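Scroll down for the structure; my scribbles are underneath it.
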Amino acid sequence: MPETVYLPTLKKLNPESILEVDDQPTDIVINLDHGDPMMYEPYWREAVVNYSVTIPPHKSLSYFSNKKNFCWFMEPKLEEEIKALHKIVGNAVIEKKHIVVGTGSSQLVLAALYALSISAPPEKLKPISVVAAAPYYSCYPEMATFLQSGLFKWEGDARKYNQDGYYIEMVTSPNNPDGMIREAVVNDPSKRMIVHDLAYYWPQYTTITSALDHDIMLFTVSKCTGHAGSRIGWAIVKDEGIARNMVKFMEITTIGVSKEGQLRAANILQNISLSCQKLHPYEMDNFFEHHHSLLAQRWKKLREILKNQNLFHIPKFPTRFCSFRRESSETYPAFAWMKCRVGVDCEKLLKEHNILTRSGRCFGSAEEYSRISMVSSQEEFELFLQRLSTIKEAELQE
């Protein structure tokens, strides 16, 4: 009996709808540190009645999904839907590339570091340096140092890196935490190996300007669809040897990736692809358009709160033409990179008002900065705005 898959029937959702936030006790803690993508829940909640993936008990027993593929644990359906969605969105070149599935993009980062490190000429010194331009993703330093590997080590800000020898540069674009479009900054192509973390290169967050064609490109379901708990990510890899070594890393660490998670992810990606079709068979909003509108609304509200004060500042983004949306648009990142006035610890100040954020120090920047999630639930976001509007500069006066 094959897997039973029911496609969702979605009502037309209104991204302009706003939850009324009643007077809430100020001791309620708002956690905007982790970027938990609960913003997506209302969209998928509409699909819950008619959407399911049923896997009979006798299915998915084997370690193997496709013995003909060197990424033998990847479900063919997931590979098919990944390729289909990238073609629709136009954000990555997939022709003549290898796809490697992982337990979220976090595992794929480590797999890429491993594969690139062992591919360096044997006479070169190890461990190989790993760098990223500040502000960089806060988990990179811990990822590179946690196992105290003899293959690679964290060397910090790429802009300050001036050592000899091979190195790996992590390029996150759009960048986490500040949402900026990034390119590699260390200028030594003969010794440089690059991993492009493109988790946020989707139309709800940024303009799609071209189909990117890099050696290693990482994506994840958690940022694309909001299903962070499914822990499914994928790498698009140009070199077969690097891809095979990434697969080897998966074999040693987790002996593959959950088939149940892959099948769920495949079904979700399929439904997103269907929602993007002009004549889709179900009454459903275009997934990317819907959440682009929702994020635009959230950023507009945040800017309104901050426009008549001098304590907090957030970056402005250029307008670019988006090939997916076929119109010019701003960037609406998943995080707000907020800066307080000089000398003010932004994370500490917000924490005093029971708003949890992540300090700029975690990203290789100053304490005046703090990263704030823009993809929380609507209720949390409205409560955050309400509380943020009450913080006055006079509080900081001694």
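Annotation for region 281-310: trypsin sites (Lys or Arg not before Pro) lying in DSSP loop with at most 11 further Cβ atoms inside 10 Å of their Cβ are Lys307. Accessible area per residue for the chain, computed on protein heavy atoms with a 1.4 Å probe, is 47 Å². Given their separation in residues at 0.36 nm each and the Cα-Cα distance between them, Lys87 and Asn31 gain 16.6 nm when the chain is fully extended.
Here the Gaussian network model covers the chain, with springs between Cα atoms less than 10 Å apart; of Glu240, Glu327, Glu155, Glu327 fluctuates the most.
Based on DSSP H segments of at least four residues, each scored -39500 (n - 2.57), the chain has a per-residue ellipticity at 222 nm of -9000 deg cm²/dmol. In loop segments of region 66-115 as defined by DSSP, the GluC sites (Glu not before Pro) with at most 13 further C-beta atoms inside 10 Å of their C-beta are Glu95. For region 36-173, the carbon plus sulfur part of the accessible surface works out to 54%, probe radius 1.4 Å. Cross-link check: pairs Lys67/Lys248; Lys160/Lys238; Lys59/Lys97; Lys191/Lys316; Lys223/Lys392 evaluated at a Cα-Cα cut-off of 23 Å; pairs beyond the cut-off: Lys160/Lys238; Lys59/Lys97; Lys191/Lys316; Lys223/Lys392.
Diagonalising the gyration tensor over the Cα atoms of the chain and scaling each eigenvalue by 5 before taking the square root yields semi-axes of 34, 30, 18 Å, largest first. For the chain, the relative contact order comes to 25 percent (Cα pairs under 8 Å, sequence separation of at least 6).
Compare Leu151, Leu85, Leu279 in a GNM of the chain, Cα atoms joined below 10 Å, and give the one with the largest fluctuation. Ranking Leu151, Leu85, Leu279 by mean-square fluctuation puts Leu279 first.
Of His290, His313, the residue with the largest accessible area leads and the full order is His313, His290 (1.4 Å probe).
Neighbours of Gly35 by Cβ distance under 13 Å: Lys/Arg scored +1, Asp/Glu scored -1, total 0.
Could you list, by residue number, the cysteines of the chain that have no other cysteine's beta carbon within less than 4.7 Å of their beta carbon? Cys71, Cys139, Cys224, Cys276, Cys322, Cys362, each lacking another Cys Cβ under 4.7 Å. The calculated FRET efficiency for the pair Arg45 and Ala296, based on their C-beta separation and a Förster distance of 30 Å, comes to about 0.90. Distance between the modelled labels on Asn69 and Glu142, one decimal in nanometres: 3.1 nm (7 Å Cα→Cβ projection). Who wins for biggest fluctuation among Pro122, Pro135, Pro333 in a Gaussian network model of the chain, springs between alpha carbons below 10 Å? Judging by the Gaussian network model, the answer is Pro122. Between Leu212 and Ala92, Val93, the built amide H atoms are under 5 Å apart, and every one of these is 5 or more places off in sequence or on another chain.
Length available on full extension from Glu304 to Ser210: 0.36 nm per residue minus the Cα-Cα distance, which gives 30.7 nm. Give me the net charge for the shell around Asp345: Cβ to Cβ below 12 angstrom, other residues only, Lys and Arg +1, Asp and Glu -1. Combined, the nearby Lys, Arg, Asp and Glu give +1.
For region 40-149, averaging the sequence separation of C-alpha pairs within contact (under 8 Å, six or more residues apart) and dividing by the residue count gives a relative contact order of 13 percent.
When each full DSSP H helix of the chain is screened for a Cα extent of at least 18 Å along its own axis and an average Kyte-Doolittle hydropathy of at least 0.0, the helices passing are 104-119, 240-254.
The trypsin sites (Lys or Arg not before Pro) of region 77-180 that meet both conditions, a loop assignment by DSSP and at most 12 other Cβ atoms within 10 Å of the site Cβ, are Lys96, Lys124.
The values are calculated or read from the model by the stated rules, or taken from the named source; none is laboratory data. What you are looking at is a predicted structure, and each value in this text was computed from that prediction instead of being measured. When we count neighbours, we look across all protein chains shown, and the Cβ atoms used for this are built from the backbone with ideal geometry, even at glycine. Accessible surface is based on the protein model in full, side chains and every heavy atom, while ligands, DNA and RNA are left aside. Shrake-Rupley method; radii C 1.70, N 1.55, O 1.52, S 1.80 Å.
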